[in-house]
Amino acid sequence: MSINYTRARKIMHWLLAVLILFWLFVSGNFVSSAEGEQKGMILMFHSGGAIVILGLMLFRYSLRRKSPVPPMEALKPWEKVWSVRLHLSFYFMIGLMVLSGILQGIFFEQEVRVFGLINITVGHNESMQAIFNNVHWLIANLIKLAIAIHVLAAIKHQFIDKQPFIKRMV
């Protein structure tokens, strides 16, 4: 097993980081603030992008399974365990985020068309839509928390432990 990430894996990491941060902090806010026909257009972009993110995450997970990169030896045993758990939680939460978004769209008050082509709305049900909206919001915040932990851990390992963690990913 290789100790460092390949160039392709580094690019995939940073591409997903930018996309996920954009979807969490920008695209989601656009959806929340939009109304009427404009909301439908933004939802088309938001839902289509989320499907792309899910596809990239699944591809990245398959690479991880086929060719794992072990945690750095400098990590304490408990840090290695939590590193793996945190990384796996990203895959799981992104999957749940997309699923809750789809379920939310199924019960939305107007058509939600993924990529502008596929209408996923079955019929408006305000109660069900509200439940999945709350789940979507909760998962988004859990992902934000996991990102903060991930970044803080990288900074801690790099600058306090004096290990070249960040160098592995740039």
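The values are calculated or read from the model by the stated rules, or taken from the named source; none is laboratory data. The structure presented is a predicted model; accordingly, all values stated were derived computationally and were not measured. Don't worry about glycine lacking a Cβ; one is built from the backbone with ideal geometry, like all the others, and counts go over all protein chains shown.
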Quiz prompt | Residue under evaluation ILE155, criteria (1) closer than 19 Å to ALA34 by Cβ; (2) surrounded by fewer than 16 Cβ atoms within 10 Å (Cβ to Cβ); (3) of a type outside the set (Ser, Thr, Tyr), criterion not met | solution = (1)
Quiz item: Of the residues that make up segment 66-81, is at least one modelled with pLDDT of 95 or more and polar (S, T, N, Q)?
Solution: no
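Residues checked against (1) farther than 28 Å from ALA154 by Cβ; (2) touching a Gly at 6+ places or on another chain (Cβ under 7 Å); (3) part of a helix (DSSP H, G or I):
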site	(1), (2), (3)
ASN4	no, no, no
ARG9	no, no, yes
MET12	no, no, yes
LEU15	no, no, yes
VAL18	no, no, yes
VAL31	yes, no, yes
SER47	yes, yes, yes
Self-check item: Those residues of segment 104-117 which are buried (at least 18 other Cβ atoms within 10 Å of the Cβ) and out of contact with any Ser or Thr (no Cβ under 7 Å at 6 or more places or on another chain), in sequence order
Solution: GLN104, PHE107, ARG113
Exercise. Report, ordered by the first and then the second residue, all pairs with beta carbons closer than 7 Å, sequence separation of six or more or different chains, a first member in segment 85-107 that is within 26 Å of VAL69 (Cα to Cα), and a second member that is among the aromatic types (Phe, Trp, Tyr) and assigned to a helix (DSSP H, G or I).
Key: TYR91/TYR61
Exercise. Determine, yes or no, whether TRP82 is exposed (fewer than 12 other Cβ atoms within 10 Å of the Cβ) and closer than 21 Å to LEU145 by Cα.
Key: no
Quiz item: So is ILE149 farther than 19 Å from SER27 by Cα, at pLDDT below 95 and loosely packed, with under 14 Cβ neighbours inside 10 Å or not?
Solution: no
Quiz item: Name the pairs: first residue in segment 146-161 and closer than 13 Å to GLU79 by Cα, second residue surrounded by 15 or more Cβ atoms within 10 Å (Cβ to Cβ) and of a type in the set (Ser, Thr, Tyr), Cβ to Cβ under 8 Å, at least 6 apart or on different chains?
Solution: ALA153/SER83
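Yes or no, residue by residue, for (1) free of Cβ contacts under 8 Å to residues at least 40 places away in the same chain; (2) farther than 16 Å from LEU96 by Cα; (3) basic (Lys, Arg); (4) in contact with a helix residue (DSSP H, G or I) (Cβ under 8 Å, 6 or more places away or on another chain):
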residue: HIS13; (1), (2), (3), (4): no, yes, no, yes
residue: ILE20; (1), (2), (3), (4): no, no, no, yes
residue: PHE30; (1), (2), (3), (4): yes, yes, no, yes
residue: GLY36; (1), (2), (3), (4): yes, yes, no, no
residue: ILE53; (1), (2), (3), (4): no, no, no, yes
residue: MET57; (1), (2), (3), (4): no, no, no, yes
residue: TYR61; (1), (2), (3), (4): yes, no, no, yes
residue: LYS66; (1), (2), (3), (4): yes, yes, yes, no
